[in-house]
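Bear in mind these aren't lab numbers, they're just calculated from the coordinates by the rules spelled out. All values reported here derive from a predicted model rather than from experimental measurement. Because the Cβ atoms are built from the backbone with ideal geometry, glycine has one as well, and the counts that use them run over all protein chains shown.
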Amino acid sequence: MNVYDFDNTIYKGESVLHFFFFYIKKTPYLLKYIPKVFYALFKYKLGKITVEQALRDYAPFVEDYFRNIKDIRADAVTFWDSHQKNIKPFYKDIQREDDVIVTASPECTMEEICRRLGIKHCVGSIIDEKTGRIERLCMRSRKVPAFLEAFPDAHIENFYTDSPKNDASLIAMAKNAYRVKGDKIIKIK
């Protein structure tokens with residue numbers, strides 16, 4: 001099976017950030033969160049924040065954000081109508097029937113793009129759509145338990161990521177691993 005990180009791997013950019021800006025257009029009060037969002041993303045990309053720190057420092061903001069969304073699944077359809085173009089062209093060339101996406105993005109926002117691309121399996125963060133509560137944050141080392149919960153006997157043949165540091169635990173599980181930088185794929189294991 002091929003397993004992929006999503007953002008900056010098969011998707012050009014950070015879909016969570018793009019989704020945030022999509023909502024800013026609909027709900028301008030979110031503008032006040034821009035500095036927090038960029039700071040958190042910066043710390044995450046540099047590996048300067050643990051999952052526990054992210055939950056402690058940002059969960060209240062994320063929960064408030066999700067609580068104020070009326071119909072995230074309908075919004076996801078509209079979002080992907082304009083953002084599906086960010087799927088990198090190489091993905092269709094290597095796509096397989098048993099592909100799995102493992103991402104920090106919420107599963108409820110990923111279901112639509114996975115359906116459109118023909119990807120049957122996505123393991124992501126889980127947000128209670130009514131309360132906004134984060135039930136599972138699927139990032140860094142937490143990706144492995146989430147993946148194994150869904151696929152306990154799986155063997156990862158190929159793993160693709162933009163961040164070997166953040167996805168080291170999945171790289172360790174894979175027979176082969178690749179770093180995606182832009183549209184270039186570089187074998188790292």
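Where does helix 15-26 land angle-wise versus the long Cα axis of the chain, in degrees 0 to 90, nearest 10?
It is inclined by approximately 20 degrees.
By what distance, in whole Å, do the Cα atoms of region 2-187 stretch along each of the three principal axes, largest value first?
45, 34, 29
Once both axes come from the Cα atoms, what is the angle between helix 72-83 and the longest principal axis of the chain, in degrees from 0 to 90, rounded to 10?
60 degrees
Given +1 on the Cβ of Lys and Arg, -1 on the Cβ of Asp and Glu, and no further charges, what dipole in debye does the chain carry about its Cα centre, rounded to the nearest 20? Please list the in-between numbers first.
Working: 32 positive and 26 negative charges, 143 e Å.
Once rounded to the nearest 20, the dipole reads 680 debye.
So, R0 is 30 Å and r is the distance between the beta-carbons of GLU149 and LEU31; what FRET efficiency does that work out to, to 0.05?
Details: r = 37 Å, r/R0 = 1.23.
For GLU149 and LEU31, the calculated efficiency is 0.25.
On a 24 Å Cα-Cα criterion, which of the cross-link pairs LYS25/LYS143; LYS143/LYS187; LYS120/LYS175; LYS85/LYS143 come out too long?
Working: LYS25/LYS143 31 Å; LYS143/LYS187 21 Å; LYS120/LYS175 22 Å; LYS85/LYS143 26 Å.
From LYS25/LYS143; LYS143/LYS187; LYS120/LYS175; LYS85/LYS143, over 24 Å: LYS25/LYS143; LYS85/LYS143.
Whose amide H sits under 5 Å from the amide H of ILE101, counting only residues 5 or more places off or on another chain, with H placed in the peptide plane?
Residues meeting the amide H criterion: TYR4, HIS121, CYS122, VAL123.
Under a 10 Å cutoff between Cα atoms, tell me which one of ALA172, ALA76, ALA104 has the largest fluctuation in the Gaussian network model of the chain.
ALA172
Before rounding to the nearest 500, sum -39500 (n - 2.57) across all DSSP H runs of length at least 4 in the chain and divide by the residue total; then give [θ] at 222 nm in deg cm²/dmol. Could the numbers behind the result be given before it?
Numbers: 8 runs with 83 residues, N = 189.
Using -39500 (n - 2.57) per qualifying helix, the result is -13000 deg cm²/dmol.
In terms of the Cα gyration tensor, with a ≥ b ≥ c the square roots of its eigenvalues, is region 135-189 rounded because a/c is under 1.5, prolate because a/b exceeds b/c, or oblate? List each step's numbers first, then the result.
On the way: a/c = 2.46, a/b = 1.49, b/c = 1.65.
It is oblate, given that a/c is not under 1.5 and a/b is not larger than b/c.
Select from LYS43, LYS120, LYS26 the residue whose mean-square fluctuation is largest in a Gaussian network model of the chain (Cα-Cα springs shorter than 10 Å).
Most flexible of the set in this elastic network: LYS26.
Take the cross-link list LYS48/LYS130; LYS12/LYS165; LYS36/LYS92 and give me the ones stretching past 29 Å between alpha-carbons. Please report the intermediate quantities before stating the final value.
Working: LYS48/LYS130 31 Å; LYS12/LYS165 19 Å; LYS36/LYS92 35 Å.
The pairs that break the limit, which is 29 Å between Cα atoms, are LYS48/LYS130; LYS36/LYS92.
With a ≥ b ≥ c the root eigenvalues of the C-alpha gyration tensor of region 46-123, is it rounded (a/c under 1.5), prolate (a/b larger than b/c) or oblate?
oblate
Answer rounded, prolate or oblate for region 1-107, using the Cα gyration tensor with square roots of eigenvalues a ≥ b ≥ c: rounded when a/c is under 1.5, else prolate when a/b is larger than b/c, else oblate. Can you show the working numbers first?
On the way: a/c = 2.00, a/b = 1.35, b/c = 1.49.
Verdict is oblate for region 1-107.
Magnitude of the Cβ-charge dipole of region 79-189, K/R +1 and D/E -1, about the Cα centre, nearest 20 debye? Present the calculation step by step, with values, prior to reporting the outcome.
Values: 20 positive and 17 negative charges, 113 e Å.
The calculated dipole for region 79-189 is roughly 540 debye.
Return the percentage of antiparallel bridges among DSSP beta bridges fully within the chain, rounded to the nearest 5 %. The partial results should precede the final answer.
Details: 7 of 21 bridges.
Taking every DSSP beta bridge with both residues in the chain, the antiparallel ones total about 35 percent.
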